[in-house]
Each structure stands twice: as C-alpha cells, then as structure tokens.
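Just below is one structure, and these are the notes that go with it.
Derivation of every value follows stated rules applied to the coordinates shown; laboratory data play no part. Only a predicted model underlies this, so the values are computations on that prediction, with no experimental measurement involved. Counting neighbours? That spans all protein chains shown, and the Cβs are built from the backbone with ideal geometry, glycine included.
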Amino acid sequence: MANSAQSNQGEQRVVLSARGLRRDFGGFTAVKSVDLDVRHACVHALIGPNGAGKTTVFNLLTKFLQPTHGTIRLLDTDITKTRPDKVARMGLVRSFQISAVFPHLSVRDNVRVALPRPNRLAHQFWQPTSALNVLNERAEQLLASVGLSKERNAIAADLSYGRKRVLEIATTLALDPKVLLLDEPMAGMGLEDVNTVSAIIRDVARDRAVLMVEHNLSVVANICHHVTVLQRGEILAEGDYATVSQDPRVREAYMGTEEA
C-alpha cells in the first residue's frame, strides 16, 4: 500500500464546510446528510464508486446545483443560496472533468485572460489585447509555477492532453482561489503527467485548500491529507488514506479485494 500524505488537518482552519447536505431529484435522493470540512493547506479527496454522488456534491458546493436541504459555508460566510459566479469571486474555484482551455489562444494568453478580474480589469475587455500586457509578469509567474514556461507561446490546441490539464490548473490559479476544487484531474493521463500534476497539486495546497474527486487511489494515497468516501450519496467513511483503505465497508463498496 502506498504511504498516505502526512496529515496536518488538526493545525488548519476549516475554509469550506457543509452540514446536512441533501439533494433530491424527484423521488431520487442523490446526496443525503453529508457533512464535510475542507481545511486550509490540505488536499482533501472525495472518492467512491460510480454513482456515489461525488459530482453532485461538487455541484452543490460550487452552487451549480441548489441543495434541497442543508447549509454550505465558505470562509465563515453562508453561501447556501449564493449564485455560482459570486461564489467563484469569493474564492471557490473549480475545474471540470473535460479540459476547458481556449484552444486557439497561446498558453500565456489563456492565463492572461483569466487574470483581469483579480486585477480589476475585467470591464476592459473592449480594449486591445496589448492592454493586457500589464498582466504578463503574473502570467509568467503562474506558468513557471506549473512548469509551462517553455510552452508559453505554444497554441493551447497543440498541447498534449496532460499539458492542457496543467494549463487549466494555471488558469484557475489566476483567479486566486482560496479553495480549489478539482474534478478528476488525473483522468486520461499517462504516468508521467500524473506525477507532474500530483506534484503541482501538492505545491498548490501549501497556501490554499484543495478538494478533489479522484479515482486514482495511488494519487489519493500519496498527496491527500484527508479522504471522504461516499456510497449511494452518504458518507461511508473518512480519515486519512491508511485508515479508510483498511475499512472493510470501503473495501467491499469501492476497492473490492484489490490491494490498495
């Protein structure tokens, strides 16, 4: 079994929390009674079999869906009824399973486009592209932080799938998130890209919270401080990876007899 990340959650404050989270779709309950605490400077994994409710929880936390019952708090502010665009501006930013970059822009311009709002330039999109040159220094810093400096002038469409996912992380970081939600960031990646993105996520979490849905259990074991396991929309187990991976209920529901 891979070694789990060292837990430091006892020292860190809760920055995103949910209590009694529930979502009904007609007569079907997709998420039921979920309590969740995501802490600053920690990587928190949300895992479970297909249909466990992971993506629904993500959509509830980021307000793409409204909970049927329960409350959500971000940085001590109740965001249960807050619009998703406002939640993003408050510092809760997510990625999606499908890479979302501007394919015909350069790598650097993808990052620059994401920068105006934090720099109060969002209302100036009518200006020439040259007006964004003031953002070059920050864009270069972000590209360096994720190892994309050499590809700064490449067209995003020409990047490999894994590098596009890295670029997506850079664009989300441009929004200066306090909590970063990553939906299956390793999906479809080869081992080299998985290792690269794992290192980036570990580094990103030094000064912000990361909540991620991930099926690669080796990644979860290596970089996550806390793991929440969902089954049929409810929390089955939680704790560090070493603890949840040895839980017989988790092995039956998710891991089967496979060695983790």
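Show which lysines lie in cross-link reach of residue 32 when reach means a straight Cα distance below 17 angstrom and same-chain residues fewer than eight apart are skipped.
54, 63
For the residue pair residue 83 and residue 207, what label-to-label distance in nm results when each label sits 7 Å from Cα along the Cα-to-beta-carbon direction?
Inter-label distance under the simple model: 3.0 nm.
In nanometres, what is the gap between the two model label sites at residue 35 and residue 243, each 7 Å from Cα along Cα-to-Cβ?
Label-label distance for residue 35 and residue 243, simple model: 1.3 nm.
Can you give me the relative contact order of the range 23-97 as a percent, contacts being Cα pairs under 8 Å and 6 or more apart?
On the way: 55 pairs, mean separation 17.4, N = 75.
Reported relative contact order: 23 percent.
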